[in-house]
Amino acid sequence: MKFFSRNSSQTTPPLDLQANSALESSAEPGNAPTQPSSAPTDDGVDQTSIPIISPVSPFLWPETRVLNQSHRYINAPVFGAEIVDAKTIFGVVHNLTIEGVDWIVGALRDDEERSVCLILAIYPACATNSEVLRSLLQHCDRFSHRLKVRLKPMLRGEDRVTTNLCIVSKTGSSKMVVLPSGNFSLRPVSPDFLHLCFATDTALHHQFTSWFDYQWAIGNPLDATSANMPDLVPAVGDPEAARQWQFYLAWLSQQHSAEGNRQAITVDSETGDIVDAEGNRIDSVLDEAKVPRPSIAMVQVGRVLHQGSLATIDNSSRVGPLDCPISAELFGVDADRRTGTVSRETKFRVSAIDEKTLKKLESFRKRTRELLNKMSYPLADGARWVPHTARALLEQELQRVNEEGKKLLGDTVTEDVNAFVESKRQDVAADAQKQYAEMHAGKTIPKETVDKILEELKKRLRRATGGKLLPMLTFLHVRIATAPDSDWSTQASQAFRFLVHVAKYPRDCLTDSFFMRGLRVDQKELMCAMNVVDDALVKLFASDGSGIDLAHEQNRQIESIQAADVDDILKCDALYRLMRGGDEKQIQEILASGETTGQTTSTDDSN
């Protein structure tokens, strides 16, 4: 491929049969190449009247509702909302312009703790030029360690790369953004370009960081010399070749129309499905290939699950009870004894702390489960799901309870643990003697036995005073599998039970006077943090504090949905309609459609 300097005069350029079509626009200095929008724009339409899509990971764009102009995006770039809580953004970017540099600077200004590490791919006649590189270099000096850039030079323009970014949040979770269009996709993109944003798992995150490290290691540093790149444009192609390509495109368009293949495309305003005039999803070639097509209700639940993690209590971090078990053998008896069909088990426990204080400390030690249950949704038996937006509040409460418990423990054990336990020697020895005498009349408990009991107490209290009183949590990602249900597996029932709790949470929070007991968080803040379905009731309460009467009424409707003798999928649809502000008539129509078609189920347990 041949190139010319942007500043050189071109008279009759040589013919280059490998050059891009003359129809392709060249990039002007400092500006991204002009790209077609994601859909034709009707200048007579007020853009502000078009509904807005605010996508939540995982998502792709432009999606069908944007392609048919029924909806629009508001963020530029579309993934902009994903960096709100970003601590680090790193990856490879191409076709960077001054506009893209300004976006980087804005991201760094928004958060003084945020850092950006980029590998910039450059190739002949790309949108990036020396002006962009010099500006980027200045900002690298300005932001010091928070902005780092290396160059990835490429020999040919055909070797264009895809922009791949990893966004790491302040909690450590990460998401990936894949952009075939350059410059962070700040401008409207061609409908032919598919962009992706999705959460990563541990394996993918590790592989991408290793790949990035490798690319960084072989990249070129950005400095005053490397910033002085040649400013090139593609050579103009053969006009006859351009004419032939235009003729070919026109012929394809005529062929499409003549064969009657071009059909009006209707996109469902809520789901994005391609539907017929009656609103039913059209038959697809993917159906013929037996590609799984999950119901919209299951897709919605899947999107919700991407907004949180499964939380379990890490028992290995748990501090044991502050009273400790003592082997029965120390008291000279068998722990287990059997006579024929009758067995006896003998256990002893001892504490250096008085009974009243011990009960209070034990209640603190067990508060992790109570707080987790208050600020999560049950996903399965013993499994709790915590929204990412509620995790900070949950950890805040855990920290508060832990500090209160540690203070009580510190006020009780006011000195060195060894000294404290030794101060209780006489009381422990006297109580142990009473137990010992019941089994060995007239005998005195050996001093060695008392010493061993006290040593066990010291070990137990040292562990309690040296670390957290409450056990820690472990978080895992969960997802809805794309595989359809089988004779022995189903996901709809569990999804429905999960949605019931999601729906009832804010309504119980408003109607149950005991709901906030044990919590020291703002009610509105908690409800907003737990809102993972854009619940209309939560938005109403957050805006003006109203909605209590509505919550009572909707709790009654939820009970009606649970009792309906229809498929769980339809129950999920009805719950979503309720949470999105639908009225009772709309909900009953959804349930009635299942009764009409015979879609019934025996599942009505939401616990």
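What length, rounded to one decimal in nm, is gained on full extension from S317 through to D416, with 0.36 nm per residue of separation minus their alpha-carbon distance?
Values: separation 99, 0.36 × 99 = 35.64 nm, distance 2.32 nm.
Net length gain for the segment: 33.3 nm.
Tell me, what ³J(HN,Hα) does each residue in the range 109-118 have, in order and in whole Hz, if you take phi through Karplus 6.51 cos²θ - 1.76 cosθ + 1.60 with θ = phi - 60° and put x for Gly and Pro?
Coupling constants for the range 109-118: 5, 5, 8, 5, 9, 7, 10, 10, 10, 10 Hz.
Please list the non-local residues whose amide H lies under 5 Å from the amide H of S115, H modeled 1.01 Å from N, same-chain partners needing a gap of 5 or more.
T88, I89
Give me L196, L457 ranked fewest to most by other Cβ atoms within 10 Å of their Cβ, as a rough exposure proxy. Walk me through the intermediate numbers first.
On the way: L196 16, L457 25.
Fewest to most other Cβ atoms nearby, the residues stand as L196, L457.
Please report how far the C-alpha centroid of the range 163-199 lies from that of the range 359-418, rounded to the nearest whole angstrom.
38 Å
Return the long-range amide H neighbours of M229 (sequence gap of 5 or more, or a different chain), with a cut-off of under 5 Å between placed amide H atoms.
Close amide H contacts, sequence-distant or interchain: S130.
Within the set K504/K571; K407/K434; K87/K504, which residue pairs have Cα atoms separated by over 25 Å?
Numbers: K504/K571 14 Å; K407/K434 33 Å; K87/K504 34 Å.
Check vs 25 Å cut-off fails for K407/K434; K87/K504.
Highest first, please rank the peptides 582-590, 438-446 by the mean number of other Cβ atoms sitting within 10 Å of their residues.
Packing proxy ranking, top to bottom: 582-590, 438-446.
With a Cα-only, solvent-free Debye model of the range 394-435, what are the log10 I(q)/I(0) values at q = 0.27 Å⁻¹?
Taking Cα atoms of the range 394-435 as identical point scatterers yields -0.86.
When the Cα centres of the range 440-464 and the range 510-531 are compared, how far apart do they sit, in Å?
If you average the Cα positions of each part, the centres end up 46 Å apart.
Cross-link candidates for K468: which aspartates and glutamates have Cα within less than 14 Å, leaving aside residues fewer than 8 places away along the same chain?
Leaving aside aspartates and glutamates fewer than 8 places away in the same chain, those within reach of K468 are D314, E362, E395, E397, E403, E404.
Mind listing the phi-derived Karplus ³J(HN,Hα) values for the range 408-418, rounded to whole Hz, using 6.51, -1.76 and 1.60 with θ = phi - 60°, and x for any glycine or proline?
4, 5, x, 5, 7, 8, 7, 9, 4, 4, 4
If I model a spin label as a point 7 Å beyond the Cα along the Cα-Cβ vector, how far apart are those points for D110 and Y248 in nm?
4.2 nm
In whole angstrom, note down how far apart the Cα centers of the range 73-132 and the range 327-344 are.
For the range 73-132 versus the range 327-344, the Cα centre distance is 72 Å.
Amide H to amide H, which residues 5 or more places from H195 or on other chains are under 5 Å from it, using H placed in the peptide plane?
Sorted by chain and number, the residues that satisfy this are W61.
Take each of the peptides 371-378, 410-417, 548-555, average the number of other beta-carbon atoms within 10 Å over its residues, and list them starting from the highest. The partial results should precede the final answer.
Working: 371-378: 19.8, 410-417: 13.2, 548-555: 15.1.
In decreasing order of mean packing, 371-378, 410-417, 548-555 become 371-378, 548-555, 410-417.
Kindly identify the range 297-425 as rounded, prolate or oblate by the Cα gyration tensor criterion: order the square roots of the eigenvalues as a ≥ b ≥ c, call it rounded if a/c is under 1.5, otherwise compare a/b with b/c, prolate if a/b is larger, else oblate. Walk me through the numbers before you get to the answer.
Values: a/c = 4.17, a/b = 1.58, b/c = 2.64.
It is oblate, given that a/c is not under 1.5 and a/b is not larger than b/c.
Show me, for the range 134-149, the HN-Hα J-couplings you get by feeding each phi into the Karplus relation (A = 6.51, B = -1.76, C = 1.60, θ = phi - 60°), rounded to Hz, glycine and proline as x.
Each residue's phi maps through the Karplus curve to give 5, 5, 4, 5, 4, 6, 4, 5, 5, 8, 6, 6, 7, 10, 10, 9 Hz.
Bear in mind that the values in this text are calculations on the coordinates, not laboratory data. Please read these numbers as outputs of a predicted model, since none were measured by experiment. Every residue, glycine as well, gets a Cβ built from its backbone with ideal geometry; the counts of neighbours run over all protein chains shown.
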